[in-house]
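Participant: Please find one structure pasted underneath; my questions will follow.
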Amino acid sequence: MMISITNQTRSYDQEATERFQNYVEQALLTVMQSSWVDSRIKDSEADISVDIRLVGTDAIRKLNREFREIDKVTDVLSFPVLDMKEGNLSCDLMPYDFSYDESGKKLLGIGDVVICPERAKKQAESYGHSLDREMVFLAVHSFLHLLGFDHMVKEEEEKMFAEQERVMCEIGLPRGENKEISNSSILSGSDDEHPVGEILAHCGYCALIGRPNVGKSTLLNCISGMKLAIVSHKPQTTRNNIRAVYNRPDAQVIFVDTPGIHKPSSKLSEFMVDSSFRAAKGADVVALMVDARFNKPAKVEKQAVETAKKLKKPLILIVNKADAVTKENLLPLIANYASLADFSAIVPVSALKDDGVEELMNVIIDMLPSQPRYFPMEEVTDQSEREIAAEMIREQILHYTNEEIPHGTAVEIDSFDEVLKEDAVDSYDRSLVKIHASIICERDSHKRILLGKDGQMIKRIGTAARKSIEEMTDCKVFLDLYVKVRKDWKNRQIFLEEFGYTQKED
């Protein structure tokens with residue numbers, strides 16, 4: 001057996017990598033000696049070869065986008081080379097399936113594996129066992145995928161799980177047994193009661209759409225229990241579709257907080273409006289949020305309703321800021337909107353005061369189909385700390401500049417470096433995060449406002465943003481801000497792509 005491991009992340013040190021190498025070599029040998037492995041592979045007299053790459057969250061997210069067309073961080077990815085079904089080749093091996101190393105040894109590559117130790121660590125903590133145990137378990141899981149096992153069908157999934165447990169037992173890591181390995185306690189396999197892939201009674205995506213400043217981001221933050229989307233009194237605060245995950249043992253809702261629907265005035269605003277409608281297209285349920293203080297639907301609300309009707313999605317009307325009006329005043333609003341569409345439900349809420357939100361959650365969950373769980377129970381967003389930090393900086397720009405700076409600013413994180421504690425045991429044990437970020441504006445006059453007299457404005461923005469980021473990272477943060485002018489960047493494709501305001505084609 002030949003296992004090649006390339007470690008491209010600091011989150012898994014050399015000692016841990018060596019332990020991992022020893023165990024995965026044993027695991028692969030055990031798997032390939034199984035009776036169900038095609039005899040043509042065994043008769044080839046070739047050494048089985050697998051390349052394993054250990055990467056960070058950004059790298060595995062990029063691979064998911066490229067190869068699976070999903071924007072999320074997963075624990076592991078498998079890339080089979082041979083066409084197989086549960087260990088059986090679909091066709092004979094050909095000469096080009098083999099390679100030779102420098103010594104002339106004959107090799108048969110069965111595929112590549114990519115593992116994210118940071119994602120594995122979170123799962124290990126959730127399941128109650130060590131990172132070492134989780135990493136080995138993921139490798140065994142991947143080997144079986146390379147050999148044609150899958151868990152899309154229940155019977156195949158059960159067979160795959162049984163093989164995983166058998167292999168883990170044979171290499172000395174059985175379920176429920178504690179084992180000391182190089183000062184690392186290795187516990188059993190997945191004790192998670194709610195793993196990714198389990199069939200839930202209700203699971204799916206809910207797109208939050210509506211005009212700017214109706215409270216979509218406030219509702220998302222209320223639901224998630226932490227600050228994921230920036231909140232401002234100004235319209236068009238949200239620019240990208242920000243996902244928040246709501247978990248229950250029997251249900252999972254992935255909320256997409258979209259940019260507000262408005263009349264586009266630039267390529268950036270076109271991107272924002274397009275993002276909203278794309279989110280509705282891909283969702284299982286569409287929730288239109290409106291402001292209770294305005295009881296007549298305008299053109300943007302009518303357009304949103306018509307789009308949802310064409311998509312034939314369940315449509316919910318969320319009447320936000322219901323605490324600002326009397327119940328009697330809600331009736332004309334409900335009647336006006338009910339004339340536009342046959343809403344599956346109409347729910348008044350106050351996102352700011354968390355009033356009516358629980359009822360709304362129950363309504364949304366009841367409308368979702370039965371599907372496999374998409375995200376782990378402990379995951380609340382698919383955004384990285386880097387992405388959230390940029391939004392937190394932009395939030396303070398909107399807060400402190402008031403009406404002086406229009407929505408012509410963007411924030412680009414130039415570097416996001418972590419300093420670990422001297423006695424750190426993993427990549428989350430940080431003493432400091434160093435962030436260098438650029439604030440992009442459209443005019444020299446805007447730059448002067450952002451800097452302020454003697455640099456006082458940029459200092460205020462930086463101090464407030466740093467405090468928010470420290471709450472998120474749970475460590476000290478060094479934040480260095482630069483202000484750059486990029487004239488008319490909102491209408492220039494090269495800058496929109498650089499700052500992340502682009503959409504993939506369907």
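Read-outs: derived from the displayed coordinates by stated rules, not from any lab. Here the structure is a predicted model, which is why all the values come from computation and not from measurement. No Cβ is skipped: glycine too gets one built from the backbone with ideal geometry, and neighbour counts run over all protein chains shown.
Participant: Count the net charge of all other residues whose Cβ sits under 14 Å from the Cβ of ASP366, scoring Lys and Arg as +1 and Asp and Glu as -1. Could the numbers behind the result be given before it?
Facilitator: Details: positive: ARG248; negative: ASP250, ASP284, GLU358, GLU359.
With Lys, Arg at +1 and Asp, Glu at -1, the neighbours total -3.
Participant: Here is a further query. Which order results if LYS487, LYS313 are arranged by neighbouring Cβ count within 10 Å, fewest first?
Facilitator: Numbers: LYS487 11, LYS313 21.
If I rank by nearby Cβ atoms, fewest first, I get LYS487, LYS313.
Participant: Over all alpha-carbon pairs of region 1-155, lay out the pair-distance distribution in 5 Å bins, whole %, shortest bin first.
Facilitator: Taking all Cα pairs of region 1-155, the binned fractions are 2, 9, 18, 21, 20, 15, 11, 5, 1, 0 percent.
Participant: Using a Förster distance of 25 angstrom, determine the FRET efficiency expected from the C-beta separation of LYS434 and ARG65, and round it to 0.05. It would help to have the intermediate numbers written out before the result.
Facilitator: Working: r = 27 Å, r/R0 = 1.07.
The pair LYS434/ARG65 has a calculated efficiency of 0.40.
Participant: If you don't mind, another one. From the cross-link list LYS459/LYS484; LYS85/LYS154; LYS122/LYS216, which pairs have alpha carbons spaced over 19 Å apart?
Facilitator: Result: LYS122/LYS216 exceed 19 Å.
Participant: Ok, one more. Which of the peptides 209-218, 361-370 is most tightly packed, and how do the rest follow, going by the mean number of other Cβ atoms within 10 Å of each residue?
Facilitator: Details: 209-218: 24.1, 361-370: 17.1.
Sorting 209-218, 361-370 by mean packing, highest first, produces 209-218, 361-370.
Participant: What is the sum of charges, Lys and Arg at +1 and Asp and Glu at -1, for the other residues whose Cβ falls under 14 Å from the Cβ of HIS202? Numbers along the way, then the final one.
Facilitator: Numbers: positive: ARG248, ARG373; negative: GLU198, ASP250, ASP284, ASP366.
Its environment carries a net charge of -2.
Participant: Another question, if that's okay. Within region 88-124, name every residue whose backbone N is under 17 Å away from a label modeled 7 Å from Cα of GLU45 along the Cβ vector.
Facilitator: Answer for this model: 93-95, 98-101, 103-108.
Participant: Starting from the amide H of VAL477, placed 1.01 Å from N in the peptide plane, find each other amide H under 5 Å away whose residue is 5 or more places distant or on another chain.
Facilitator: Excluding prolines and chain starts, which carry no amide H, the hits are VAL433.
Participant: Let me ask you something else. Hey, if you put +1 on the Cβ of every Lys and Arg and -1 on every Asp and Glu Cβ in region 1-120, which of PRO117, MET1, GLY104 ends up farthest toward the positive end of that dipole?
Facilitator: The residue sitting farthest along the positive end of the dipole is PRO117.
Participant: For the pair ALA335 and VAL196, what calculated FRET efficiency results from E = 1/(1 + (r/R0)^6), where r is the Cβ-Cβ distance and R0 = 41 Å, to the nearest 0.05? Mind dumping the intermediate values first?
Facilitator: Values: r = 43 Å, r/R0 = 1.06.
Plugging the Cβ-Cβ distance into 1/(1 + (r/R0)^6) gives 0.40.
Participant: Moving to a separate point now. I want the local charge near ALA345. Using Cβ-Cβ distances under 15 Å, sum +1 for each Lys or Arg and -1 for each Asp or Glu among the other residues. The partial results should precede the final answer.
Facilitator: Working: positive: LYS313; negative: ASP284, ASP342, GLU358, GLU359, ASP366.
Taking every Cβ under 15 Å from that of ALA345, the sum is -4.
Participant: So, one more: Can you put TYR482, TYR23, TYR12, TYR246 in order of Cβ neighbours within 10 angstrom, beginning with the fewest? Mind dumping the intermediate values first?
Facilitator: On the way: TYR482 12, TYR23 23, TYR12 26, TYR246 18.
Listed from fewest to most nearby Cβ atoms, that is TYR482, TYR246, TYR23, TYR12.
Participant: Which of the pairs LYS296/LYS321; LYS106/LYS159; LYS42/LYS106; LYS421/LYS476 have their Cα atoms more than 22 Å apart in this structure? Before the final figure, lay out the partial values.
Facilitator: Numbers: LYS296/LYS321 15 Å; LYS106/LYS159 31 Å; LYS42/LYS106 13 Å; LYS421/LYS476 12 Å.
Listed pairs above 22 Å: LYS106/LYS159.
Participant: Given the peptides 33-42, 458-467, arrange them by the average over their residues of other C-beta atoms within 10 Å, most packed first. Don't jump to the answer; show the numbers that get you there.
Facilitator: Numbers: 33-42: 13.4, 458-467: 18.1.
Going from most to least packed, we get 458-467, 33-42.
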